[in-house]
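Q: Before I ask anything, let me first share the structure, which is written out below as structure tokens.
The values are calculated or read from the model by the stated rules, or taken from the named source; none is laboratory data. Bear in mind the structure is a predicted one, so any value in this text is a computation, not a measurement. Virtual Cβ from ideal backbone geometry, glycine too; neighbours counted across all protein chains shown.
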Amino acid sequence: MAEFKNEPISPALKKVLDEFVTVLHSDEEIDNEAADRLDALLRKGKLPKHDDLDAALSTPPKEGKP
């Protein structure tokens, strides 16, 4: 991934991420929406920040519940 630029990802990285997200979706313990958020974050073409990774993996609270 490009550390400072928002560049398209390489074909090799795309293939790895495709396999990665497939495995995430097949794991019953991982929320599919969290897997999709992580996938989208990693495909931006730049190194994600720690807080962004935490946010992608966290399940947002349901509306009306604290």
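Okay, residues lined up against (1) at pLDDT 95 or above; (2) in a helix (DSSP H, G or I); (3) not hydroxyl-bearing (S, T, Y):
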site	(1), (2), (3)
K14	no, yes, yes
E19	yes, yes, yes
E28	no, no, yes
A34	no, yes, yes
A40	no, yes, yes
P48	no, no, yes
A56	no, yes, yes
P60	no, no, yes
G64	no, no, yes
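Q: Could you grab the pairs with beta carbons closer than 7 Å, sequence gap of 6+ or different chains, first residue in region 9-26 and more than 19 Å from P48 (Cα to Cα), second one part of a helix (DSSP H, G or I)?
A: Here the result reads H25/N32; H25/A35, each pair linking region 9-26 to a residue that is part of a helix (DSSP H, G or I).
Q: Does K5 satisfy being at pLDDT below 95 and surrounded by 10 or more Cβ atoms within 10 Å (Cβ to Cβ)?
A: no
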